[in-house]
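S.K.: Next up is a structure, given as structure tokens.
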Amino acid sequence: MNTQRDINLTFISSKGFDVFTVDGLNKALHWLQTADADNLMYGEPSGDEFDIMVGEMRRPMLIASVEQAIAQL
């Protein structure tokens, strides 16, 4: 059964980050904190206002998933 955290880590992995190492997770955490919200969606950034709004809503959930994964390593 996939938890929301697993789904979030799969997304982060799809963006090129190693979600199985502290170094990779720290890099992902920095990216999540600084990335344009449009990049926090699947696929290429579209510039669509709705995607940007949803990306901003996703940001804290993605960060929390990475922080939980770091704490468990």
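The values are calculated or read from the model by the stated rules, or taken from the named source; none is laboratory data. It should be emphasised that the depicted structure is a prediction, and the values quoted were computed from it without experimental measurement. We place every Cβ from the backbone using ideal geometry, glycine too, and count neighbours over all the protein chains shown. We work out accessible area using only protein heavy atoms, side chains counted, and drop any ligands, DNA or RNA first. Shrake-Rupley method; radii C 1.70, N 1.55, O 1.52, S 1.80 Å.
S.K.: Taking all protein chains in place and a 1.4 Å probe, what share, in percent, of the accessible surface of the range 3-71 do carbon and sulfur account for?
M.R.: Reported share for carbon and sulfur atoms: 59 percent.
S.K.: What is the diffusion coefficient of the chain in µm²/s, taking the Kirkwood radius over Cα pairs and the Stokes-Einstein relation at 10 °C with a viscosity of 1.306 mPa s? Could you put the intermediate results ahead of the total?
M.R.: On the way: Rh = 12.2 Å.
Rounded to a whole number, D works out at 130 µm²/s.
S.K.: Which length gain, in nm to one decimal place, applies between M1 and Q33 when the Cα-Cα distance is subtracted from 0.36 nm times their residue separation?
M.R.: Taking M1 through Q33 to full extension adds about 8.7 nm, to one decimal.
S.K.: Okay, next question. Find how much the distance from T10 to M53 grows on full extension, using 0.36 nm per residue of separation minus their present alpha carbon separation; answer in nm with one decimal.
M.R.: 13.4 nm
S.K.: Same structure again: Could you give the accessible area per residue of the chain, probe 1.4 Å, as a whole number in Å²?
M.R.: Spelled out: the 1.4 Å probe surface of the chain, per residue, equals 63 Å².
S.K.: Taking θ = phi - 60°, what integer Hz values does the Karplus form 6.51 cos²θ - 1.76 cosθ + 1.60 yield along the range 38-53, in sequence order, with x for Gly and Pro?
M.R.: Result, ordered by residue: 5, 7, 8, 10, 5, x, 7, x, 10, x, 5, 4, 5, 4, 5, 5 Hz.
S.K.: Can you figure out the FRET efficiency of F20 with S46, using R₀ = 35 Å and their beta-carbon distance, to the nearest 0.05?
M.R.: Once the sixth-power term is evaluated, E becomes 0.75.
S.K.: What percent do you get for the relative contact order of the chain when only Cα pairs under 8 Å and 6+ apart count?
M.R.: This gives 35 percent for the chain.
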